[in-house]
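Below is one structure; the comments refer to it alone.
The values are calculated or read from the model by the stated rules, or taken from the named source; none is laboratory data. Note that the coordinates shown come from a computational prediction; the quantities given were computed from them, not determined experimentally. Here the Cβ is made from the backbone with ideal geometry for all residues, glycine too, and neighbour counts use every protein chain on show.
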Amino acid sequence: MLEGILTWLQLLAPSDLLNLRLVQNQSNLVFVMYLVTFKRSWHFAMAFIFCELLAMFDLFGLFSQLDHKWYGVIFYIAICLTWSMVIVSQIKRTNNNGLAFTCSIMILFLMFMAWGSWANADIETYAYKNYANIIVCIHACIIASLYKPRAYIDDMVCKLRNYGISLLHAYIVRLVCYNFR
């Protein structure tokens, strides 16, 4: 969906499109999660789209002449800065500790990837191999932290308790309970 538009804009070769299929599916999953929660998370959807644009257009070719080691550092730092600039207003506005914690995990992971691309430039590490899976999990945690599950659980328990009380006061339930005793 999103990558289809971006690849059309970039006009990638068909062989490159086959290699990106798995990453596209994971980014589409994250994009759909942000679309479902767009009312609460439009800042995060914009941060995700900006980071996708940076990744798809390869930082607009600004640092393509750099060594592989330094290019990875600049790439992850650029994504980290883009992410943090877009979401800082949302965190300040909501004052949600869970949201701040999950966003700090995202920023720390991106900084870890920047350090890992410099320190382990020639080695394919576990974090590098599973980067897309880890990012999807972090995004899912960010979306989950936008909601207060305790309020939903308390509301559901209150409704179940009210249904149980009304069921106990129903005449047919009293009749059945009386006859089975």
Open item on the list: So residue 152 passes all but one of these: (1) closer than 22 Å to residue 38 by Cα; (2) hydroxyl-bearing (Ser, Thr, Tyr); (3) in contact (Cβ under 8 Å) with a residue 40 or more places away in the chain. Which condition number does it fail?
Closed with: (3)
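For every residue, the table says whether it meets (1) modelled with pLDDT of 80 or more; (2) of a type in the set (Ser, Thr, Tyr); (3) part of a loop (DSSP other than H, G, I, E, B).
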| site | (1), (2), (3) |
| --- | --- |
| 102 | yes, yes, no |
| 108 | yes, no, no |
| 117 | yes, yes, no |
| 136 | yes, no, no |
| 150 | no, no, no |
| 154 | yes, no, no |
| 164 | yes, no, no |
| 174 | no, no, no |
- [ ] Filter the stretch 98-122 down to residues that are of a type in the set (Ser, Thr, Tyr) and either touching a residue at least 40 places away in the same chain (Cβ under 8 Å) or touching a Pro at 6+ places or on another chain (Cβ under 6 Å) (or both) and give me whichever is farthest from residue 148 (Cα to Cα).
- [x] 117
TODO: Could you tell me whether the stretch 74-84 includes any residue that is exposed (fewer than 14 other Cβ atoms within 10 Å of the Cβ), part of a helix (DSSP H, G or I) and in contact (Cβ under 8 Å) with a residue 40 or more places away in the chain?
DONE: no
TODO: Kindly list the number of the only condition in (1) surrounded by 12 or more Cβ atoms within 10 Å (Cβ to Cβ); (2) modelled with pLDDT of 85 or more; (3) not basic (Lys, Arg) that fails for residue 145.
DONE: (2)
Open item on the list: So, in the stretch 119-136, how many residues would count as being under 25 Å from residue 34 (Cβ atoms) and surrounded by 13 or more Cβ atoms within 10 Å (Cβ to Cβ)?
Closed with: 7
Task: Scope the stretch 55-84; condition modelled with pLDDT of 75 or more and over 16 Å from the mean Cα position of the chain (by Cα); matching residues - done: 69, 70, 71, 72, 73, 74, 75, 76, 77, 78, 81
Open item on the list: Considering only residues that are out of contact with any Lys or Arg (no Cβ under 9 Å at 6 or more places or on another chain) and not in a helix (DSSP H, G or I), which ones fall in the stretch 138-148?
Closed with: 148
Open item on the list: What's the total number of residues in the stretch 27-45 that are outside any helix (DSSP H, G or I) and modelled with pLDDT of 75 or more?
Closed with: 0
